[in-house]
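Below you'll find the structure, written out as structure tokens, and then a few comments.
The values are calculated or read from the model by the stated rules, or taken from the named source; none is laboratory data. Not measured: the values here are computed from a predicted model. Every residue, glycine among them, receives a Cβ derived from its backbone with ideal geometry; neighbour counts consider all protein chains shown. Just so you know, the surface numbers come from the protein's heavy atoms only, side chains and all, with ligands and any DNA or RNA stripped out. Shrake-Rupley method; radii C 1.70, N 1.55, O 1.52, S 1.80 Å.
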Amino acid sequence: MALECVAVLGWGDSGSRASGLVFNGVRNSNRTPRKCVCRGGFSGLSGDSVIKSADNQNTGKSSNVNDVPGKLCKDLISLPKPLTVADFTVTPNDGTKVRISFKGLPGSFSEDAALKAYPKCETVPCDEFEDTFKAVELWLADKAVLPIENSSSGSIHRNYDLLLRHRLHIVGEVQLAANFCLLALPGIKADQLKRVLSHPQALASSDIVLTQLGVARENVDDTASAAQYVASNGLRDAGAVASARAAEIYGLNILADRIQDEPDNITRFLVLARDPIIPRTDKLFKTSIVFTLDEGPGVLFKALAVFALREINLTKIESRPQRKRPLRVVDDSNTGTAKYFDYLFYIDFEASMADPRAQNALGHLQV
Ligand SMILES: O=C(O)C(=O)Cc1ccccc1
């Protein structure tokens, strides 16, 4: 299949806990007509008490300390422990807190996502999405939490682009049900509000209540910034759509709770790290790949068939114009020169790169 595989990203379980994605760095494979970068990974955040040796990691089997007979168990404990994946990750075990960068001010939903993935973490607020990547690259943070998709407004395209511009690895995902509240200064009633500030997505998701109130809507960078702005400027005619935690942090009152149009407004966040995690087959994994296709009838259909043939479930497909090569010029003798957009395809599938089905599917994709 004529294709350019740009990246393979693998990560762990797709539940609400964070999970992982690794970067194997396979470039320019002989079988690939053009360049190919490979990323893969697994969930490393469960913190379980399972000891793994180098051998049983390979076989995917694990030994629990409780399964080992008493004496052997004692001997094992007195011996130096075999290296585990945790030895190669930056999660500190010396009592210091893992540092997670996010875009926004304290009290934003992205910070909620970071705290959901790592309840004891130290959060590192950043101005821009790009800064959350840079914070990890410069060792100011250990991991970044990045919104990638929302159940009502869809994909956050900028972050798909940033994933390819930076060399971080996806090591997990977090799903967060954002509960939007209408906040105002203490003593202010809803009918006194003339305008409401928030992140565009929070404003759009709270359309019914804001329309009933008849207020003007003002976009700001994040929900917590809206709360902070109303509070620090003492605005008596302005409210903010933000979290209950933001109300507490910035000293605002909650005028209305759960004002979102859809009761379950879910945002999916990715967890990014400098280091990959090693793909395994003993847990539910996801892998993300990015590729381009040559022009031709059915090329995307054929690309997707490599997964269907192996019963590999796809969980997401996204396409983005290829910025560096936006137009594909096709000579058409009847109508002159036709121009098509050239696309990058992002696909998430449910398998680890340690799974032969996934290896075969990607091998097939690159033929
Ligand atoms: O503005 C925030 O608080 C964010 O973290 C972005 C966002 C906005 C709405 C839902 C989820 C995330």
Point to revise | Percent carbon-and-sulfur accessible area, region 181-261, ignoring ligands, DNA and RNA, probe 1.4 Å | key: 48
Check your understanding: Pulled fully out, how much extra length does the chain show between Asp294 and Arg165, if you take 0.36 nm times their separation in residues and subtract their Cα-Cα distance?
Key -> 44.2 nm
**Study point:** Average accessible surface area per residue within region 181-261, 1.4 Å rolling probe, Å²
**Key:** 46
Review point. Here are some pairs, Lys116/Lys316; Lys97/Lys316; Lys97/Lys134; Lys120/Lys189; which of them have Cα atoms lying more than 27 Å apart in this structure?
Key: Lys97/Lys316; Lys120/Lys189
Check your understanding: Using a Förster distance of 51 Å, how high is the FRET efficiency between Ala305 and Asp191, based on the Cβ-Cβ distance and rounded to 0.05?
Key -> 0.30
Review point. Roughly how many whole Å is it from the C-alpha centroid of region 242-301 to that of region 145-218?
Key: 13
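Once the convex hull of the alpha carbons of region 181-261 is built, what does its volume come to per residue, in cubic angstrom? Could you put the intermediate results ahead of the total?
On the way: hull volume 5.6 nm³, N = 81.
Convex hull of Cα atoms, per residue: 69 Å³.
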Study note, to complete from the structure: Output for region 107-171: trypsin sites (Lys or Arg not before Pro) sitting in coil per DSSP, at most 16 other Cβ within 10 Å, listed by number, reads Lys120, Arg167
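Suppose accessible area is computed on protein heavy atoms with a 1.4 Å probe; arrange Ile254, Ile266, Ile156 from highest to lowest. It would help to have the intermediate numbers written out before the result.
Working: Ile254 85, Ile266 60, Ile156 35 Å².
Sorted descending by solvent-accessible area, the residues read Ile254, Ile266, Ile156.
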Point to revise | Residues with amide H under 5 Å from that of Ser101, placed H, sequence gap 5 or more | key: Val124, Asp142, Lys143, Ala144, Val145
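In region 181-261, what % of DSSP beta bridges are antiparallel (nearest 5)? Please list the in-between numbers first.
Working: 6 of 13 bridges.
About 45 percent, rounded to the nearest 5.
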